[in-house]
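Below is one structure; the comments refer to it alone.
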Amino acid sequence: AAVRDAAAVAVDAALLAGVLMRTGEQPHASDVVNYAPFTLLPSAVPRALFEQAYAVQQDFNLLVDAVSQNKEFLEETLASTIKVDDFTARLFRIYMQVLEEGLAQTVFLGINRSDYMFDCGQDGTAALRQIEINTIAASFGGLASRTADVHRLVLKVLGKTEEASRLLPNNPAKGLALGIAKAWELYGSQRAVVMFLVEDVQRNIFDQRCVENELWNRNIRVVRKRFRDVFEQGSLDASRRLYVDGQEVAVVYYREGYVPQVYNQQNWEARLLLERSRAVKCPDIATQLAGTKKVQQELSRPGTLEKLLPGHPEAVARIRATFAGLYSLDEGEEGDRIAATAIADPDRFVLKPQREGGGNNLYGEELREVLEKIKDSPERTSYILMDKIKPQPALNYLLRAHSPLQVSKCISELGIFGVYVRQGQELVLNQAAGHLLRTKAIEHADGGVAAGVAVLDTPYLV
């Protein structure tokens, strides 16, 4: 009874706090909305691992920025992937074209989210293991800014006032907006706008509005445009300033553009126009390539971090301490051996294609079937293999519209938002900007909140 009462309070609190999404039935309308799915209770997170994740975020910001500026590294690392993965190849072609023409952009803005799980060892101790780093359209910074208040209230309703007071404040929306505002200011035109590049279907609009409103509060104008609008209304002037619908654009903040399905010929042309412009792209195409799974796997090779971050041995050590086992499936002896190992013992691994957005990874029997099929073809080089993380499950209630209230065995994933701004060669901003905890029932192998599998959560440090 107490749980049922608390759940009713929680749902109303989420609606009041603006933890919202548009509905699947009416994804274009904000006059019928529902709460974004979330856990009834905050989830226990080991304090030491939480602090470790925050402490390494500035190092990851440095690393992503270094990779994005290293043409040789990107060329070498992605050489095998672009032969078999058309999407990565097309991004890479735009990257090369823009470099050949000479970059018009002088201010660079990175907003990324580094995602981790807590790997439970044989002896029961947990270790922080990086799953991936998202360098484009890293979402839920807005709704995560509002979730802790809901959990605080739920704990009070359940008589846990002392526990409620221990939940950390968290405001990624403010941190992300700070980075965008800094880039806008360095671009140096008061008239220019920030353009959110958005999807055709915008169910997650409220998450974006949280960041947008922070910018309006700083008197920075925001417009929302799709690739199609850029294609139809976009142009560059003689000094490659970007104009869309007659307005000069200082910053292009991508919340779209990370999956192949959204690109038709005109969208590719729009993307090229944006990349050629002087506007600050978040991310620019080099930074999007820096977030590919193939780059992630290459970074884990001995000696790679030292080459990319010379003179930063402490940063290298902190980064390396978060890596899970990552393996290349490139053609040759090493790739053959790894593929054979995974086919023999598929439950040890996860097979990852070069895709963002959740719901793409392969596990278990499915992993074995796909590897069996492609093990002798160059296609396997479009994937990487990673050790499967084994977190300790915990019980919680996952609150979803129109779903029964029931207890589930769950696992959580912690994301830390990072923001950095570089002008020329000078890093003018580099910080962690808040966190996101997502939790899902253990029967779901893969998928995030937007993919409809995970739900929003708040860490309770233990």
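The values are calculated or read from the model by the stated rules, or taken from the named source; none is laboratory data. Not measured: the values here are computed from a predicted model. All Cβ positions, glycine included, derive from the backbone under ideal geometry; neighbour counts span all protein chains shown. Ligands, DNA and RNA are stripped out before the accessible areas are found, and what is left, the full protein with its side chains, is counted by its heavy atoms. Shrake-Rupley method; radii C 1.70, N 1.55, O 1.52, S 1.80 Å.
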Listed residues VAL244, VAL211, GLY335: farthest to the positive end of the dipole of the chain (Cβ charges) | VAL211
ARG166-ARG221 pseudo-label distance in nm [points 7 Å out on the Cα-to-Cβ vector] = 5.0 nm
From the Cα gyration tensor of segment 263-377, with a ≥ b ≥ c the square roots of its eigenvalues, which class applies: rounded if a/c is under 1.5, or else prolate if a/b is larger than b/c, or else oblate?
-> oblate
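How large is the accessible surface per residue of segment 201-307, computed with a 1.4 Å probe and reported in Å² as a whole number?
38 Å²
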Virtual spin-label span in nm between SER30 and ARG93, 7 Å along Cα→Cβ = 3.8 nm
Value in Å of the Kirkwood radius, where segment 325-388 supplies the Cα pairs that are averaged | 11.4 Å
Would you work out the charge dipole size for the chain about its Cα centre, treating the Cβ of every Lys and Arg as +1 and the Cβ of every Asp and Glu as -1, and quote it to the nearest 20 debye?
-> 1160 debye
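At 222 nm, what helix-only mean residue ellipticity would the chain give, in deg cm²/dmol to the nearest 500, using -39500 (n - 2.57) for each DSSP H run of four or more?
Working: 18 runs with 183 residues, N = 462.
Using -39500 (n - 2.57) per qualifying helix, the result is -11500 deg cm²/dmol.
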Accessible surface, segment 325-388, averaged per residue in Å² (probe 1.4 Å) | 47 Å²
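Let me make sure I get this right: for segment 333-462, a, b and c are the square roots of the gyration tensor eigenvalues over alpha carbons, sorted descending. Under 1.5 in a/c it's rounded, otherwise prolate if a/b > b/c, else oblate. Which is it? List each step's numbers first, then the result.
On the way: a/c = 2.33, a/b = 1.17, b/c = 1.99.
The shape class here is oblate.
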Counting only the backbone N, which residues of segment 402-433 are under 17 Å from the spot 7 Å out from the Cα of HIS444 toward its beta-carbon?
-> 402-415
Per residue accessible area of segment 1-79, 1.4 Å probe, in Å² | 44 Å²
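What is the percent carbon and sulfur in the accessible area of the chain, measuring with a 1.4 Å probe over the protein chains and ignoring ligands? Walk me through the numbers before you get to the answer.
Working: 9310 of 19220 Å².
Answer for the chain: carbon and sulfur cover 48 percent of the accessible area.
Given a cut-off of 21 Å, name the pairs among LYS182/LYS294; LYS281/LYS352; LYS174/LYS294; LYS83/LYS373; LYS71/LYS352; LYS352/LYS375 whose C-alpha atoms lie farther apart than that in the structure shown. It would help to have the intermediate numbers written out before the result.
Working: LYS182/LYS294 31 Å; LYS281/LYS352 27 Å; LYS174/LYS294 31 Å; LYS83/LYS373 18 Å; LYS71/LYS352 24 Å; LYS352/LYS375 14 Å.
Table pairs above 21 Å Cα-Cα are LYS182/LYS294; LYS281/LYS352; LYS174/LYS294; LYS71/LYS352.
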Gyration tensor on Cα atoms of the chain, a ≥ b ≥ c root eigenvalues, a/c under 1.5 rounded, else prolate if a/b beats b/c, else oblate, says oblate
State, as an integer percentage, the relative contact order of the chain based on alpha-carbon contacts under 8 Å between residues 6 or more apart.
-> 26 percent
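With only Lys, Arg, Asp and Glu charged, each at its Cβ (+1 for the first two, -1 for the last two), find how big the charge dipole of segment 325-388 is about the Cα centre; round to the nearest 20 debye.
With Lys and Arg at +1 and Asp and Glu at -1, about 200 debye.
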